[in-house]
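Worksheet: the structure to be examined is printed underneath.
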Amino acid sequence: MQSAEDQLSRALARYEWVLAHVANGIYGLDADGRVEFVNPAAVRITGYSEADQLGADQHLLLHSTRSDGTPYPRHECPVWQALRTGRTVVAEDELFWRSDGVGVPIDLVAVPTVENGRVTGVIVSFRDLTERRAVEQQAAELARVSRAAAAQRELSDRLQQALLTPPPEPDHLHVAVRYQPAQHEAQVGGDWYDAFLQPDGATMLVIGDVVGHGSAAAAAMGQLRGLLRALAYDNDEPPAATLIRAERAARGLAVSSLATAILARVERHPEVTGRRLLRWSNAGHIPPVLLAADGSTTLLEARPDLMLGVETDARRADHTADLPDGSTLLLVTDGLVERRGSDLDEGLDRLREALSDLAERPLEELLDTVLARLVPRAGEDDVAIVAVRVYREDRPRPAEAGPNRLPPGID
């Protein structure tokens, strides 16, 4: 059977082992605040050796100055409050100064030792919060960036949605549009579409994509869209000429963003009564896709001219194609067809395959189905589509196309 002395020795050994291996810094002070013992963790955290700390005034050594350099009065120190009141004190936002002059953020618990009703010292346990504070600061910065990005995204979305207006519905043409923003975490892009009627009844179509993302791209998109709409509205010049004038105007008005775009006009065929002709100019954009009534598709490929914003006096060409009755024209942005790990040709092939069985579907359903097949979830880029279904002029407008909708003054 162990003697009381042996039991005490074993208990002291256990306590010394705990003090030596615990992660928290622990030290004991006498009634005057001088260090009586210190564990290895306290030595490591403060940088002061055990010899430097034993017998030293703990407050003067580690705790006499605040983080802003002003004095920390002894009577305000939580350790001294424990010594003075005899009650345990918890402090969550304190600072110890290392031997190299670097401040260490800590929290501490000060437990007074009381013998015969008299406070004889205090035991202090403290934790180094450096890593935790760094994580908290990083989390706070991430939250701030997230809030700023969300606010910018909301502003850009509102701007973009305000500019993406409903299309007209001229007789015997059904115009439908779609805009699908990128996933929430991504920044809003500069994709846009437009469709409007000229005074002579011709239908103008625009699809474009400003290089970049965020509110700057959305603002540049709005400026370019406004320029093209204003310059093309009451002018029967070819689309290429309008693109040239728009680019010159953009340069003169300091709208310096790069953008791809197609400007197209659906007009009456000059040689075939009751038929429509597409005339367009392509500034570095994805080619239009023409879906025939039998489900076959044609890429209206022509050598694309330079994108807008590269060279003010760049040569631009016009192209033409017949639009047979029952055909559907689609102008799209790259968010619909481009994917990581595949090239544009593969994306256009996917689009043509997705269209192959949709020629007889109503146009609104066709667009919804194409989006569901190619972009079932919001991707990394915005998607804009403007589509036109051509109907025979010698028959009433189909019910599926909805009511005829024209701006005032246009018959």
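Specify the residue with the greatest mean-square fluctuation among Ala216, Ala293, Ala139, computed from a Gaussian network of the chain linking alpha-carbon atoms under 10 Å apart.
Most flexible of the set in this elastic network: Ala139.
For the chain, take the longest principal axis of its alpha carbons; what is the angle in degrees between that and the long axis of helix 344-355, to the nearest 10 within 0 to 90?
70 degrees
How big is the dipole moment of the chain about its Cα centre under a simple scheme where the beta carbon of each Lys and Arg is +1, that of each Asp and Glu is -1, and everything else is neutral? Debye, nearest 20, please.
Working: 43 positive and 63 negative charges, 122 e Å.
Dipole about the Cα centre, nearest 20: 580 debye.
Pick from Val337, Val22, Val145 the residue whose mean-square fluctuation is largest in a GNM of the chain, springs joining Cα atoms under 10 Å.
Val22
For the chain, calculate the relative contact order in percent as a whole number, restricting contacts to Cα pairs under 8 Å that are 6 or more residues apart. It would help to have the intermediate numbers written out before the result.
Working: 782 pairs, mean separation 56.0, N = 411.
Dividing the mean separation by the residue count of the chain yields 14 percent.
Quick one: helix 130-163 against the long Cα principal axis of the chain, what's the angle to the nearest 10°, folded into 0 to 90?
Approximately 20 degrees, to the nearest 10.
Is there a quick way to get the dipole size of segment 4-128? I mean about its Cα centre, with the Cβ of Lys and Arg at +1 and of Asp and Glu at -1; what is the value in debye to the nearest 20? If you can, show how the numbers build up before the last one.
Working: 11 positive and 18 negative charges, 36 e Å.
It works out to roughly 180 debye.
I'm spelling it out carefully: the read-out is semi-axes √(5λ) of the Cα gyration tensor in Å, the candidates are (1) 46, 23, 20; (2) 79, 23, 18; (3) 37, 22, 21, and one was derived from this structure. Which label?
Only one listed value fits the structure, namely (2).
Which of Ala150, Ala359, Ala82 moves most in a GNM of the chain, Cα contacts under 10 Å?
Ala82
In debye, nearest 20: dipole of segment 156-401 around its Cα centre with unit charges on the Cβ of K, R (+) and D, E (-)?
420 debye
Considering the dipole of the chain built from charges on the beta carbon (Lys and Arg +1, Asp and Glu -1) around the Cα centre, which of His269, Trp80, Ala202 is farthest to its positive end?
Result: Trp80.
Using the Cβ atoms and a cut-off under 9 Å, what net charge is assigned to the surroundings of Ala293, where Lys and Arg are +1 and Asp and Glu are -1? It would help to have the intermediate numbers written out before the result.
On the way: positive: none; negative: Asp294, Asp325, Glu360.
Summing Lys and Arg as +1 and Asp and Glu as -1 gives -3.
Roughly how tilted is helix 4-21, in degrees to the nearest 10 and between 0 and 90, from the longest Cα axis of the chain?
Once rounded, one gets 30 degrees.
Here, each number is a calculation from the coordinates, and none is a lab measurement. A quick note: this is a predicted structure, and the numbers were derived from the prediction, not measured. FYI the Cβ positions are ideal-geometry reconstructions off the backbone, even for glycines, and counts take in every protein chain you see.
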